[in-house]
Amino acid sequence: MSSETLFRRITDYAHRADPYPLYAELREHGVARQEDGKYLVGTYNEITALLHDPRISSDVRNRTEPDPDLQPVEGLPPAFIGRDDPEHDRLRRLAMRPFGPPHSPGRIDTLLDDIARIAGQLADGLRDKERIDLVEDFAFPLPVTVICDLLGVPAEDIPQVHTWADTVVSGLDFAPGEDPGPRRRAAHEARMAMGLYLGGLAEKRRGRPTDDMLSALANDEGPDGRLTQEELMVTAVLLLIAGHETTVNLITNGMLTLLRNPEALERLRKEPELMPRAVEELLRYEPPVQFLPQRTPLADVEVGGVTIPKGVPLVLVLAAGNRDPLRFADPDRFDPARRDNVHFGFGSGVHSCFGAPLARLETQIALTTLINCLDGPRLLEDPPVYRNSPVLRGPRRLPIGQAGR
């Protein structure tokens, strides 16, 4: 098939369960121009260079032809992941102050006991179940509870937050032949509704600080000043969605991979000290973010002997780079003890995910808890039903049975 149809095939739901042969095809082409003018890059060294290249913009407003799928919500500025420096740097620093070092160095460490407690409570509910849906019964409620506690979202509002987040994430779906208008409008409306809700919570705490991140974002007066109300809204939406959606996929993809590799699961049960390295391997082998669809060259850029013109859509296929045999030995093998594992699971460069320490901690605790609590777990569907999104790729459900039940 033509390399010009690769993006259409990658985003086709028919390939959601196993896009990796398509990623291998992309690597063979190095840089693949698509029929609609996009350029795909899937090789490790080229992705690394582009992620660190100041000529590559994350602001889709720099595209020659606007992409309606990726436009900011009308009335709100883009979140910092959709901005370039210096604005990106300012907004990111403001968001990071209440989240981690150097301003709040103990924030993640103090969550360890809470994460372990929530994981333990969820695991207790799995012990006597004949059939478990790992997503609904464990992988979703753990990170969403943690991020809502961290931000200061009341527990009774979590179902509404879940509904909004699902609708926003559906805006990242790419369905060939579908009219994207209704899905796009619904995603924008949900993002605005969530922004107004979180902004309202923060506003109530302005001048009356509480011990949560929304309060800190509303009240903190650092060297960069304070977020405007609109900036706070889009930042809070980003933190809430990114703070659980990717971790749900990481936990679910992780357990799916371990159940497909029972020798690795058994090894981790016997050698729990390997879990941090195993999570890094999961981030390489089955990353929760498969590609970055919103990069744009600010000038003509040569990549692998191909000139990518200024202003065109540039898609960096991180999951393809993570399995590049020129960078990783035996890349299609899951190795929980793999060393020298500098992957793209959390991106790289100035836009690398600053929530990575929390996601790592949650996943290490989650998988350790599941390995120790489940009795002879086995997959009941393989492949499972996947979510629609090819960007945030993971099972929508993961039915698991237990021995003797």
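A search for C-beta distances below 9 Å between a residue of region 102-121 that is under 17 Å from C148 (Cα atoms) and any residue that is crowded, with 16+ Cβ neighbours inside 10 Å and of a type in the set (D, E), counting only pairs 6+ apart in sequence or on different chains, returns L111/D149; L111/E362; D114/D149; I115/E362; I118/D149; A119/E362. The residues of region 204-229 that are over 18 Å from D157 (Cβ atoms), part of a helix (DSSP H, G or I) and either touching a Gly at 6+ places or on another chain (Cβ under 8 Å) or among the hydroxyl-bearing types (S, T, Y) (or both), listed by number, are N219, Q229. Among the residues of region 277-304, write down those that are modelled with pLDDT of 95 or more and either on the phi > 0 side of the Ramachandran plot or assigned to a helix (DSSP H, G or I) (or both). Once the filter is applied, which keeps residues that are modelled with pLDDT of 95 or more and either on the phi > 0 side of the Ramachandran plot or assigned to a helix (DSSP H, G or I) (or both), region 277-304 yields R277, A278, V279, E280, E281, L282, L283, R284, Y285. Under 6 Å between Cβ atoms, at least 6 apart or on separate chains: pull out the pairs that start in region 276-300 with a residue that is hydroxyl-bearing (S, T, Y) and end on any residue that is part of a helix (DSSP H, G or I). Short answer, once both residue conditions are applied: T296/N62.
Scan region 312-325 and give yes if some residue there is over 22 Å from the mean Cα position of the chain (by Cα), part of a loop (DSSP other than H, G, I, E, B) and closer than 30 Å to D53 by Cβ, otherwise no. For region 312-325, residues over 22 Å from the mean Cα position of the chain (by Cα), part of a loop (DSSP other than H, G, I, E, B) and closer than 30 Å to D53 by Cβ: present. Does R360 satisfy being among the charged types (D, E, K, R) and buried (at least 19 other Cβ atoms within 10 Å of the Cβ)? For R360, the condition - among the charged types (D, E, K, R) and buried (at least 19 other Cβ atoms within 10 Å of the Cβ) - is met.
Candidates L298, L274, L240, L256: the one that is touching a helix residue (DSSP H, G or I) at 6+ places or on another chain (Cβ under 7 Å) and crowded, with 20+ Cβ neighbours inside 10 Å is L240. For region 57-65, the count of residues that are β-branched (V, I, T), over 26 Å from Q229 (Cα atoms), open to solvent by less than 20 Å² (accessible area, probe 1.4 Å) and not in a helix (DSSP H, G or I) is zero. Filtering region 195-230 to residues that are open to solvent by 70 Å² or more (accessible area, probe 1.4 Å) and either touching a helix residue (DSSP H, G or I) at 6+ places or on another chain (Cβ under 6 Å) or aliphatic (A, V, I, L, M) (or both) leaves L196, P209. Looking across region 221-276, the residues that are among the aliphatic types (A, V, I, L, M), in contact with a Ser or Thr (Cβ under 7 Å, 6 or more places away or on another chain) and modelled with pLDDT of 95 or more come down to L250, I251, M275. Of all residue pairs spaced 6 or more apart or on separate chains, those with beta-carbon atoms under 8 Å, a first member in region 157-170 that is at pLDDT 90 or above and a second member that is among the hydrophobic types (A, V, I, L, M, F, W, C) and open to solvent by 30 Å² or more (accessible area, probe 1.4 Å) are W164/A193. For the list (1) over 20 Å from the mean Cα position of the chain (by Cα); (2) within 30 Å of R323 (Cβ to Cβ); (3) polar (S, T, N, Q), I need the number of the one condition that S57 fails. Just one mismatch for S57, condition (1). Taking each residue of region 33-56 that is part of a strand (DSSP E or B) and looking for partners that are polar (S, T, N, Q) and open to solvent by less than 20 Å² (accessible area, probe 1.4 Å) with beta-carbon atoms closer than 8 Å, six or more apart or interchain, yields L40/Q34; I56/T296.
Criterion applied to R97, R92 was being open to solvent by less than 70 Å² (accessible area, probe 1.4 Å) and either touching a helix residue (DSSP H, G or I) at 6+ places or on another chain (Cβ under 6 Å) or aromatic (F, W, Y) (or both), and the one residue passing it is R92.
Looking only at region 330-351, decide whether some residue is on the phi > 0 side of the Ramachandran plot, surrounded by fewer than 19 Cβ atoms within 10 Å (Cβ to Cβ) and in a loop (DSSP other than H, G, I, E, B). Yes. So which residues in region 101-146 are at pLDDT below 95 and polar (S, T, N, Q), if there are any at all? Correct list: S104, T110, T145. Considering region 301-311, and only residues there that are under 15 Å from A49 (Cα atoms) and of a type outside the set (D, E, K, R), the residue that is surrounded by the fewest Cβ atoms within 10 Å (Cβ to Cβ) turns out to be G305.
The values are calculated or read from the model by the stated rules, or taken from the named source; none is laboratory data. Remember, it's a predicted structure, so these values are computed and weren't measured experimentally. Every residue, glycine among them, receives a Cβ derived from its backbone with ideal geometry; neighbour counts consider all protein chains shown. What goes into the accessible areas is simple: the full protein's heavy atoms, side chains included, and nothing from ligands, DNA or RNA. Shrake-Rupley method; radii C 1.70, N 1.55, O 1.52, S 1.80 Å.
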